[in-house]
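Right, one structure below, let's go through it.
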Amino acid sequence: MGVFYRDGRGGVQRDLVSAYVWFSLADRAKVPQARAKVEDARRSLSPTQIAEAERRIAAWNVPLAGLQR
């Protein structure tokens, strides 16, 4: 999902905050290469945007442990 938001693919409007959220959730689930995508996205965001993304991430109540490979 992060790639869709980052690149504006598949009919999804480009949204770097949402891309950061999805990359971060993938990183928490230990998805390979997600950490690098988080760092790349972070460089494109303002401190306000990062704070908004972190707020969205904190709102997730999904037990990500079940998603690990």
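A short reminder: the numbers here are calculations on the coordinates, not readings from a lab. Keep in mind that what you see is a predicted model, and the values were worked out from it rather than measured. Please note: Cβ atoms are built from the backbone with ideal geometry, for glycine as well, and neighbour counts cover all protein chains shown.
Identify all residues within region 35-56 that are aliphatic (A, V, I, L, M), under 10 Å from the mean Cα position of the chain (by Cα) and closer than 12 Å to ARG6 by Cβ; write none if there are none.
Result: VAL38, ALA41.
Out of all the residues in region 1-22, which are within 10 Å of the chain's Cα centre (by Cα) and β-branched (Val, Ile, Thr)?
Selection gives VAL3, VAL17, VAL21.
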